[in-house]
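*Asks:* What follows is a single structure, and I will ask about it in a moment.
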Amino acid sequence: MFRPKALGGALTALVTVAAGVFLAAAVSTSPAVAAGTGTGYLHTSGNQIVDSTGATVRLTGINWFGMETDNKTFHGLWSNNPWRGQLDTMARLGYNTLRVPYSNDALKPGATASGINDFVNPDLIGLSPLQILDKVIDYAGSKGMRIILDRHRPTAAGQSPLWYTSTVSEATWINDWKMLAQRYAGNPTVIGADLHNEPHAEGTNPAATGACWGCGDTTRDWRLAAERAGNAILGVQPNWLIFVEGVSCPSGGLSNVWDGDTSNDEDCGWWGGNLSKAGQFPVRLNVANRLVYSPHEYATSVYRQTWFDAPDYPANMPAIWDKYFGYLYKQNIAPIMMGEFGSTLVDPKDKVWLEKLMAYTGTGVTGMSFTYWSWNPNSGDTGGIALDDWTNINTAKQAILQPYLIAPSGGGTSGPPTGGPTDPPVGACTANYRQVNAWQGGFQGELTVKNTGSGAVNPWSVTWSWPSGVTLGSGWNATVTQSGTTVTAAAPSHAPSLPAGASVTVGFTANGTASAPGSVKLSGTNC
């Protein structure tokens, strides 16, 4: 189990969970469609997320956790799959957004990252958690992906029902958010802040001590706290989206199931999943068109809620989702971005649940946004899209999600390509190779190719040959593929042109005996 989660209403037991939930609804309009994750910063229009041109964008992403744990950085960096290779796979599968959980511990001066395989990820050694995050953001942006930062825990020790604890104050929470907003100001790959993960009930009513919604108590009302933090962030970075999760029980406390009186038992949902009061008590931000509600939703592998055993399951689920968050979308109040949802799919009920939930979110670009929990295979109660080797994929889960994924295209850090017709072929190039690292059975290298001709190459591609038995592991700064002994590095969509006098460095890992690339060509021209 990865992290604790509690359920309310008649279900007062605490459970340990590592996942999150996902919600959505259908749409009847036909707005302009943005390629991938669109252009520039994002904002909202009714129940849609739109880009800087007004085109509709659907975030179809995934969670990559670890920065909120004792490692203080992404899990899986200990594996044999380089960090860029993992992001390559996410983008290739169609995940256009990465939700990054963190704890305030990872942001402290002197915080150190651990659990990194220095043979596979030598470029991360000695970097702070924030410096590693910088690299992930830059590379994800180069692939057209977007980043949502998620304050998952105050400390690495565990989640909290409120946004503050006895050791991490509200001021620290807000100041750290302002620091992150300033750090990534001007970089539209980072699109927003998920303010606090899974606010939830604590204590037995009437002595509630957990997060409420609309109760008016400034020490417990999550809606009011979200306004304070959201407005503080927008004061620093007015272009960010503010993602606000729900609570579990609007009262902030659990019902007493032992008193035998069910007449006053509150209707509760998943931690962070209950936005039933947001219509009556909306989050009010100082900058218009920045609010996105972000509920969580889970299956029986996290907790066996009563509705999973209802006689009419799964036909009962859309009404439950409508009640907890879907009405906000269907009434055009605000967009929904399900920040977490997932399951091991071991129970047949869960496969039906996931299929039903995805259908509920709607198809195409106008459907509800989401980030699946999780990429990580080490999420104890859900597992991941990645299998235990952090390389191969859980095909059963991916098959259900695939029809709803919108692959990244274009760049989060720049607009779409602006070049005109393809320039004439270039007449000359040079190539330089550097072996970065080697280990038993593999190596890492960088091939730098310079356009020494008089015109730009658009689009550019680099090819080279390897001896038989040398196979590509992963590549970056281009789309790198191998056929036989020939390797091709194709220009990324956000940077298709290589101007005269400019260079490109293609990085890769490979399996086999360390070998320098041979017969290097730039768009068919020998170097």
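The values are calculated or read from the model by the stated rules, or taken from the named source; none is laboratory data. Because the structure is predicted, anything quoted here is derived from the model rather than measured. For neighbour counting, all protein chains shown are included, and Cβ atoms are generated from backbone atoms with ideal geometry for every residue, glycine included. Heads up: the accessible areas ignore ligands, DNA and RNA and are worked out on the full protein's heavy atoms, side chains in. Shrake-Rupley method; radii C 1.70, N 1.55, O 1.52, S 1.80 Å.
*Asks:* Can you pull the accessible area of residue 213 for me, 1.4 Å probe, Å² to the nearest 10?
*Replies:* Here the accessible area works out near 10 Å².
*Asks:* Related question: Farthest toward the dipole's positive end in the chain, which of 67, 430, 281, given Cβ charges of +1 (Lys, Arg) and -1 (Asp, Glu) about the Cα centre?
*Replies:* Checked the options; the winner is 430.
*Asks:* Moving to a separate point now. Helix 222-236: angle to the longest alpha-carbon principal axis of the chain, degrees 0 to 90, nearest 10?
*Replies:* Rounded to the nearest ten degrees, it is 30.
*Asks:* When the helices in the chain are scored as -39500 (n - 2.57) per DSSP H run of 4 or longer and the sum is shared across all residues, what 222 nm value do you end up with, to the nearest 500 deg cm²/dmol? Kindly include the intermediate steps, with their values, before the conclusion.
*Replies:* Details: 8 runs with 84 residues, N = 527.
Helices in the chain give a 222 nm mean residue ellipticity of -5000 deg cm²/dmol.
*Asks:* Further question: For residue 138 paired with residue 70, estimate the spin-label separation in nm (one decimal), with each label point 7 Å from Cα along the Cα-to-Cβ line.
*Replies:* Here the answer is 3.1 nm between the modelled labels.
*Asks:* Now a separate question. Relative to the longest principal axis of the C-alpha atoms of the chain, give the angle of the C-alpha long axis of helix 348-361, reported between 0 and 90° and rounded to the nearest 10°.
*Replies:* 80
*Asks:* Shifting gears a bit: Rounding to the nearest 20 debye, state how big the charge dipole of region 27-124 is about its Cα centre with +1 on each Lys and Arg Cβ and -1 on each Asp and Glu Cβ. Before the final figure, lay out the partial values.
*Replies:* Details: 6 positive and 7 negative charges, 46 e Å.
The dipole of region 27-124 has a size of about 220 debye.
*Asks:* Ok, one more. Which of 235, 76, 156 sits farthest toward the positive end of the charge dipole of the chain, with +1 on the Cβ of Lys and Arg and -1 on the Cβ of Asp and Glu?
*Replies:* The residue sitting farthest along the positive end of the dipole is 235.
*Asks:* Based on the mean of other beta carbon atoms within 10 Å per residue, what is the order of 172-182, 41-51, 186-196, 290-300, most packed first?
*Replies:* Numbers: 172-182: 18.2, 41-51: 20.9, 186-196: 23.4, 290-300: 27.5.
Highest mean packing first, the order is 290-300, 186-196, 41-51, 172-182.
*Asks:* If the cut-off is a Cα-Cα distance under 25 Å, which lysines reach residue 135, setting aside same-chain residues fewer than 8 apart in sequence?
*Replies:* Counting by Cα, and skipping residues close in sequence, residue 135 has these lysines nearby: 72, 108, 143, 178, 450.
*Asks:* Largest first and in whole Å, give the semi-axes of region 174-237's equivalent ellipsoid, each being the square root of 5 times a Cα gyration tensor eigenvalue. Present the calculation step by step, with values, prior to reporting the outcome.
*Replies:* Values: eigenvalues 170, 24, 13 Å².
Square roots of five times the eigenvalues give 29, 11, 8 Å.
*Asks:* OK, next. Give, as ranges by residue number, the residues of region 443-459 whose backbone N falls under 17 Å from the point 7 Å along Cα→Cβ of residue 513.
*Replies:* Backbone N within reach: 443-444.
*Asks:* Follow-up question, since we're still on this one. Along the charge dipole of the chain, Cβ charges K/R +1 and D/E -1, which of 122, 488, 380 sits furthest on the positive end?
*Replies:* The residue sitting farthest along the positive end of the dipole is 488.
*Asks:* While we're here: Charges at C-beta only: +1 for Lys and Arg, -1 for Asp and Glu. How large is the resulting dipole of region 142-222 about its Cα centre, in Debye rounded to 20?
*Replies:* On the way: 7 positive and 8 negative charges, 88 e Å.
With Lys and Arg at +1 and Asp and Glu at -1, about 420 debye.
*Asks:* Specify the angular offset, from 0 to 90 degrees and rounded to the nearest 10, of the alpha carbon long axis of helix 129-142 from the longest principal axis of the alpha carbons in the chain.
*Replies:* 70
*Asks:* Dipole of the chain, Cα-centred, from +1 at each Lys and Arg C-beta and -1 at each Asp and Glu C-beta, to the nearest 20 debye? Don't jump to the answer; show the numbers that get you there.
*Replies:* Values: 31 positive and 37 negative charges, 271 e Å.
Roughly 1300 debye, rounded to the nearest 20.
*Asks:* So for the chain, what are the equivalent ellipsoid semi-axes in whole Å, largest first, each being the square root of 5 times an eigenvalue of the Cα gyration tensor?
*Replies:* Working: eigenvalues 364, 110, 94 Å².
Working from the Cα gyration tensor, I get semi-axes of 43, 23, 22 Å.
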